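Novice: Okay, handing you the structure first.
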Amino acid sequence: MRVSRKMVDKQLRFRGMLLSRLVQKSTEEKFIQSMQNSKKQMDKTFKGKDVEGLECSEVWISRKDASKIRVRIYKPLHLEKEVPGILWIHGGGYAQGVPEMSGKMYKKLIETSECVIVAPDYRLSIDAPYPAAFEDCYEVLLWMKTHAKELGIRDSQLMAGGESAGGGLTAALTLYARDKGEVNIAFQMPLYPMIDDRMLTESARENNAYVWNSDTNRWAWKLYLGALSGKEVPAYAAAARETDYRNLPPTVTFVGDIEPFRDETIRYVENLRNARVSVDFKMFKGAYHGFDIIHPQAKISQEATEFLMSSFKHAAENLFAEQKEGSVE
């Protein structure tokens, strides 16, 4: 899908063009190098940074091999009752990012309806390909369930969400949680999720949009899949490969109409609805990938945020999924 400048929302054009110069590269080698450089820069800029007006803390959770996962926790300043708990998974093409970079999202969620955010600093694909990030996020989800009471979380309202690769990990986790039966997720928020490595849809092919295009997408998938790239890829790595969408949690998502993930998001929503899963979905005209983060003041970004928060508020007030006793050791 070829994207012209005129197709981009007027308020989004300038920032999209600027960010493209930073993110988009001419070769795979330069892309990988930029991801490695980005990791250092992200750590320097965001790591350990708290969100003003929230209670912020950090814990380290053990993996099965005794190594540790860094996890950031965000709460309202004066939490007096149990509230929903959200596993929020940051984006970055599976290759970059830290949980602290989503601070504005955490604050908005907590202001919309009091909740506790649990945000894992999962292993990135430039360091360890699939299933490293997936396993880290699932480990933290289980920890969130077993420590719900001390976190101030209502364990019948465990939720998951994230943008882009974080949305892809969210969709994969809800599949795995359903199949494994160790934890029940009440609601999911996979925003413009990165879920289809095959890149066969119209929007994924030859997409030259600002910020994230077909080249960056292809290279990021190769990094994430590692030795699995081009082979039989499991749905827990690329959720669009799933064929059974029954018994997944109610969902909210949105996507821009000019970005590579447009069609895979639409198909994901259709598959959920065909399986009788409740979905709130909107597509935003003239929006490239991550538009709501790149230019949050733009009218279209404010509309997307309001849509998301309205759906989340409804979920916090109405959606529950009781946990099975003894389902996690």
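Novice: If we keep just the residues of segment 41-54 that are within 17 Å of L124 (Cβ to Cβ) and among the charged types (D, E, K, R), which is surrounded by the most Cβ atoms within 10 Å (Cβ to Cβ)?
Specialist: Applying the filter and picking the extreme gives K47.
Novice: Could you check, for segment 155-163, whether at least one of its residues is part of a helix (DSSP H, G or I), crowded, with 24+ Cβ neighbours inside 10 Å and either under 19 Å from the mean Cα position of the chain (by Cα) or among the polar types (S, T, N, Q) (or both)? So that I can check it myself, show each step before the final result.
Specialist: If we filter segment 155-163 for residues that are part of a helix (DSSP H, G or I), which is where we start, we get none.
No, the conditions are met nowhere in segment 155-163.
Novice: Related question: Considering each residue of segment 270-303, count those that are closer than 18 Å to F187 by Cβ and either among the hydroxyl-bearing types (S, T, Y) or in contact with a helix residue (DSSP H, G or I) (Cβ under 9 Å, 6 or more places away or on another chain) (or both), and give that number.
Specialist: 7
One line per residue, one yes/no per condition, for (1) farther than 25 Å from L151 by Cβ; (2) exposed (fewer than 15 other Cβ atoms within 10 Å of the Cβ):
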residue: M35; (1), (2): yes, no
residue: C56; (1), (2): no, no
residue: K64; (1), (2): no, yes
residue: H78; (1), (2): no, yes
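Novice: Considering only residues that are in contact with a Gly (Cβ under 7 Å, 6 or more places away or on another chain) and either assigned to a loop (DSSP other than H, G, I, E, B) or without any contact (Cβ under 8 Å) to a residue 24 or more places away in the chain (or both), which ones fall in segment 279-289?
Specialist: A287, Y288, H289
Novice: Tell me, yes or no, whether segment 98-106 has at least one residue that is buried (at least 18 other Cβ atoms within 10 Å of the Cβ), out of contact with any Lys or Arg (no Cβ under 8 Å at 6 or more places or on another chain) and assigned to a loop (DSSP other than H, G, I, E, B).
Specialist: Taking segment 98-106 first, the residues buried (at least 18 other Cβ atoms within 10 Å of the Cβ) are 98-103, 105-106.
Now restrict to residues that are out of contact with any Lys or Arg (no Cβ under 8 Å at 6 or more places or on another chain): 101-102, 105-106.
Filter once more, keeping what is assigned to a loop (DSSP other than H, G, I, E, B): none.
Within segment 98-106 (the criterion being buried (at least 18 other Cβ atoms within 10 Å of the Cβ), out of contact with any Lys or Arg (no Cβ under 8 Å at 6 or more places or on another chain) and assigned to a loop (DSSP other than H, G, I, E, B)), the answer is no, since none of the residues qualifies.
Novice: May I ask you to verify whether R21 is in contact (Cβ under 8 Å) with a residue 24 or more places away in the chain, in a helix (DSSP H, G or I), among the charged types (D, E, K, R) and over 17 Å from S125 (Cβ atoms)?
Specialist: It is false that R21 is in contact (Cβ under 8 Å) with a residue 24 or more places away in the chain, in a helix (DSSP H, G or I), among the charged types (D, E, K, R) and over 17 Å from S125 (Cβ atoms).
Novice: How many residues does segment 291-328 contain that are in a loop (DSSP other than H, G, I, E, B), in contact with a strand residue (DSSP E or B) (Cβ under 8 Å, 6 or more places away or on another chain) and either closer than 16 Å to Y106 by Cα or of a type in the set (K, R) (or both)?
Specialist: Filtering segment 291-328 for residues in a loop (DSSP other than H, G, I, E, B) gives 295-298, 319-328.
Right, trim to in contact with a strand residue (DSSP E or B) (Cβ under 8 Å, 6 or more places away or on another chain) and you get 319-323.
If we keep only those that are either closer than 16 Å to Y106 by Cα or of a type in the set (K, R) (or both) too, we end up with none.
Selection size over segment 291-328: 0.
Novice: Here is a further query. Using beta carbons and a limit of 8 Å, which pairs, at least six apart or on different chains, have the first residue in segment 38-59 and at positive phi and the second one surrounded by 11 or more Cβ atoms within 10 Å (Cβ to Cβ)?
Specialist: Partner pairs satisfying both residue conditions: G48/E58; G48/E100; G53/K107.
Novice: Among the candidates I110, I86, which residue alone is modelled with pLDDT of 95 or more and either part of a helix (DSSP H, G or I) or surrounded by fewer than 17 Cβ atoms within 10 Å (Cβ to Cβ) (or both)?
Specialist: After applying the criteria, what remains is I110.
Novice: Does segment 278-287 contain at least one residue that is out of contact with any Asp or Glu (no Cβ under 7 Å at 6 or more places or on another chain), on the phi > 0 side of the Ramachandran plot and not basic (K, R)?
Specialist: There is no residue in segment 278-287 that is out of contact with any Asp or Glu (no Cβ under 7 Å at 6 or more places or on another chain), on the phi > 0 side of the Ramachandran plot and not basic (K, R).
Novice: So is A321 out of contact with any helix residue (DSSP H, G or I) (no Cβ under 6 Å at 6 or more places or on another chain), under 16 Å from T170 (Cβ atoms), surrounded by fewer than 22 Cβ atoms within 10 Å (Cβ to Cβ) and not polar (S, T, N, Q) or not?
Specialist: yes
Novice: Further, regarding this structure: Of K222, K282, which residue is of a type in the set (D, E, K, R), farther than 30 Å from E317 by Cβ and modelled with pLDDT of 95 or more?
Specialist: K222
Novice: Six or more apart or on different chains, Cβ under 7 Å: which pairs go from a residue in segment 212-236 that's over 14 Å from M199 (Cβ atoms) to one that's in a loop (DSSP other than H, G, I, E, B) and among the small types (G, A, S)? Could you list them?
Specialist: Close Cβ pairs satisfying both conditions: L223/A95; L223/S125; L228/A237.
The values are calculated or read from the model by the stated rules, or taken from the named source; none is laboratory data. Note that the structure is a prediction, hence the values are computed from the model and not measured. Ideal geometry is used to build each Cβ from the backbone, glycine not excepted, and the neighbour counts take in all protein chains shown.
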